Amino acid sequence: MQKQEQVHRILEGDSIKRRGFFEAILVLLFLLTVMAFFLSVCVGVAGSSVQTVVDSLIHYDSSSTMHHVIRELRIPRALGAILVGAALSVAGAIMQVVGDNPLADTGLLGINAGAGFMVSLAMVFFSSVSFLGVMGFSVFGAAIGTVLTYGFSGASKKRITPVRLILAGSAVSAFLTALSQGISLCFGTSKDLSYWQSGSLSGLRWNQVMITAPWILLGLLLGGGISSGLTILSMGDETAVSLGAPVQRLRLIGIITTLLLAGTSVSLAGGISFLGLIVPHIMRKIMGGEYSKVIPASVFCGAIIMLLADVVGRMLNAPYDTPVGALVSVIGLPFFLGLTYKKRGEKKSE
Amino acid sequence: MNKTSRKVGILVALALILLLSIMIAVNMGYSSVPLKDVIKAFFGIGIPGKIIIIRQLRLPRILVGALCGIGLALSGSVLQSVTGNALADPGILGINAGAGIAVLLFLVFFPEMYAQSMEIIPIFAFIGGLSVLVFLYTFAYRNGKLSVKFFLTGGIGMAAGINAVMLILSTGLENSNFQMVSRWLVGSLWGTDWHHLKLLLLYLIVPVLFLLCYSRKIDMMLMGREVAVGLGVSVEREYRVLLFVSVWLAAACVSVCGGVGFIGLVSPHIAKRLVGIRHCFLLPCAMMTGALICVLGDAVGRMVITSIEIPVGIVVSVLSAPYFLYLLNKKNM
C-alpha cells in the first residue's frame, strides 16, 4: 500500500509543488560548500585571513610562504575533501538503492577495506607505481571487497538482509585490514599505512587531486544520470519492472559507479566510514524520495561534512592532524545506531 | 558412557597438544634454542644467556598468551550461549573496544600512574566493557526478548565508533606512547612479563573456576526458559551474572594483551565440533582451543619474518575472519 502511495506521489504533481523548495535548498547547500571551502583554506597551523587567501588567488606572490602554503597545500586539500565527501555520499546513496539496503555504506560493507588492501599491496610490491596506478589498484580492491562481502553474506541462496550484509562486511573488513596491516608491518610501510587507513587528507597535493578529479566527476555524472532510474528502483523491483525500467542494467551501472567512486576516494583519502550512510539519509529526509534531487544534494552535503570535519581534525590537536575518518565515524555512530533502532520500531508496527 | 570417555580423551589430547605447542613456541624466536636447552632451562641449568631468554622473555609471554586465549574463549562461549547468538564475540560486540577505551582514557589522563598501577587497570577495563554491554542490552532488549540481530549490529557499530574515538585520543599522545597504543589496539603480546602473568592469573582464576562449576546450570538454561524455570533456575538473574562474568574475563585479557578479536568466536565453535554442546566439556575444550590459537598465533607472528614481529591480533584475525564468514554463510539469520 505504502509503496503504491509513494509511486502516486512521485508520478503525479507532488514534486512540482516543491520544485522551488528543492532549488532553494540546493543553492543554500552550494553556498555553504563555498563557505566551508574558504573556512578550510583560511584555517590552519600557519594561520591566515580571508584577505591573504584572496590575495594568493588573485595576486600570487611567489616569495610569500603564506601564499605558497595556501596554493600548494590548503587548496588541494580542501578540493580533495570536497571530492571525497561528494564521492562517498553518492556511492552510499546508490548502494542503498541498488542493494535494497538502507544501512549500506562503503566502509561498513568492506569496500573501503578491499581498496585499502590493494593499495597496501601496491605500495609494497610495486613501489614505483604512479598515482594513477594506485588508483586503479584501489578500484580493483573495492571490487574485491564487494564481491567478498556479498558472496559470503549468502546472496546466492536467500534474500540478503541488511544485518547479514553488515556482519559479512565487518568480517571482510577485519580480514582485509588485518592482512594489509600484516603486509605493511612485514615490509616496513606500516607508519604511512596506518595513518592513511584511518582516513586522512594530510599531504594531499595537486597531482593527486588532478588525477582523481576526472574519475570522481565521471562517477558523479553517472550517478546523476541514473538518478531517475534509481527513484523507480527504490520503489521495489516489481514496481520498477512494471514501469518498464531496465532493472538489471541500472543495477550494473549503479555498482560500477559505486566502485569507481569508492575506489578513487579511498586512494585519495583512505577509508572513511559512515559518511555514505549519513548523508543520503539526511538528504532523503529533506528532499523526499526522488533521487534526481537526493543525489545532487548529497554531493554538496557530503562535501560540507568532509570540509568541516577536516577543519576540526586540523584544529583539535594542532599541530598534529587528527584523522578525519575517525571524526566522521564518531559523528556517524549515533546515526547508525539510531537508524537500526528506528528500523526495528517500524518492523514491530507491521 | 563410551561417549563420555571419548570426550575426556579429546580433552586430554588437547591438553597434551597445548603443552607441546607451548614447548615449540618457546623454542621458536629470533634466537632459536634447541629443545634440549629449553628443557634444561626450565630446571635452571644450562647456559645462563639462554636461561634468561627463556625464563624471563619467552616463557612468561607464551603463558600470558595462553591465559588470554583461555579468557577470551570462555568469554565468547558464555556470550554465545547466553545471548543465543552463534556469532557473538567480545571483539565483534565492541566489549573489547569498550575495555580498551577505558584503559586508554586512564593512560591519557593519568600517564604518571600507569607504571605503578597495573593492578587496577583491569577494573577500568571492566567498567568500560560493562558499559558497552549494558548499552547493547538496552539497545537490543524489547518486548521481553533480546534481539540477536540488533545485539550484533549495535555491537559492530559501537566497535567501529569506539575505535575511531581511540584513534582520535591516541593522536594526542607522544610518539612512543602512540606506538605502544597502536600495537596494543590490534592485540599484541609484546613486552609481557611475569608481572602481567601474575596479574592475569589473579583476575582470571575466580571467574574461570566459577564458570566451570556453573556449567550444569548453563546447560539447563539452554534447554529453554520454561524448562529452566521448571528446574528451579532463575533465568534472568543467571543471565546477568553470566554476562557480567564474561565481560570480566574479556576486560582482564584486553587490559594485558589488547584487543585480540575472533578467538572468542572461533574456539567455542571448534569445541562444539569436538565435544558437543554440554558445557562441562564444552567450556574446558573451548578454553584449551583458545589458548592453542593464541599461543600458535603469537608463534607464527614471531616466525614469519624474523626481524619483525606481527602482532598476534593480526595473525588471529587473518586466520579466523574467514571462519566467521563461513559460519555466517551457513547460519540462517
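Here are the numbers:
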| quantity | calculated |
| --- | --- |
| Every residue from the range B:183-231 that is over 15 Å from the mean Cα position of the chain (by Cα) and within 14 Å of chain A (Cβ to nearest Cβ) | B:R183, B:W190 |
| Check on A:S49, free of Cβ contacts under 8 Å to residues at least 12 places away in the same chain, of a type in the set (S, T, N, Q) and touching a helix residue (DSSP H, G or I) at 6+ places or on another chain (Cβ under 8 Å) | yes |
| Enumerated helices (runs of 4 or more DSSP H) restricted to the range B:253-333, each holding at least 3 residues that are over 30 Å from A:S184 (Cβ atoms), modelled with pLDDT under 90 and not small (G, A, S) | B:263-275, B:279-303 |
| Selection within the range A:224-234 - part of a helix (DSSP H, G or I) and farther than 20 Å from A:A87 by Cβ | A:S228, A:T231, A:I232, A:L233 |
| Filtered residues of the range A:96-118 (kept if surrounded by fewer than 24 Cβ atoms within 10 Å (Cβ to Cβ) and more than 18 Å from A:G254 (Cβ to Cβ)) | none |
| Sole residue being modelled with pLDDT of 90 or more and part of a helix (DSSP H, G or I), chosen from A:G145, A:G133, A:G151 | A:G145 |
| Verdict on A:S127 being farther than 23 Å from A:L333 by Cβ and at pLDDT below 85 | yes |
| Helices (runs of 4 or more DSSP H) wholly inside the range A:235-350 containing at least 2 residues that are away from every other protein chain (no Cβ under 14 Å) | A:237-242, A:247-269, A:275-287, A:291-316 |
| Candidates A:S329, A:S292 - the one that is closer than 25 Å to A:S228 by Cα, out of contact with any Leu (no Cβ under 7 Å at 6 or more places or on another chain) and touching a residue at least 24 places away in the same chain (Cβ under 8 Å) | A:S292 |
| Flag if A:S292 is more than 19 Å from A:T106 (Cβ to Cβ), in contact with a Phe, Trp or Tyr (Cβ under 8 Å, 6 or more places away or on another chain) and of a type in the set (G, A, S) | no |
| Restricting the range B:138-157 to residues that are part of a helix (DSSP H, G or I), among the aliphatic types (A, V, I, L, M) and more than 7 Å from chain A (Cβ to nearest Cβ), the residue that is surrounded by the fewest Cβ atoms within 10 Å (Cβ to Cβ) | B:V148 |
| In the range A:213-244, residue nearest to the chain's Cα centre (by Cα) [restricted to those that are more than 16 Å from A:G99 (Cα to Cα) and small (G, A, S)] | A:G219 |
| Breaking point among (1) within 14 Å of chain A (Cβ to nearest Cβ); (2) within 15 Å of B:L249 (Cα to Cα); (3) surrounded by fewer than 16 Cβ atoms within 10 Å (Cβ to Cβ); (4) not hydroxyl-bearing (S, T, Y), for B:I120 | (1) |
| Filter result (of a type in the set (A, V, I, L, M), within 7 Å of chain A (Cβ to nearest Cβ) and under 20 Å from B:V134 (Cα atoms)) within the range B:159-172 | B:A160, B:V165 |
| Selected residue (only one of B:A321, B:A271 is away from chain A (no Cβ under 14 Å) and either buried (at least 21 other Cβ atoms within 10 Å of the Cβ) or not basic (K, R) (or both)) | B:A271 |
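The values are calculated or read from the model by the stated rules, or taken from the named source; none is laboratory data. Since the structure is predicted, the reported quantities are computational estimates derived from the model, not experimental observations. Heads up, the Cβs are rebuilt from the backbone with ideal geometry, glycines too, and the neighbour counts pull from every protein chain shown.
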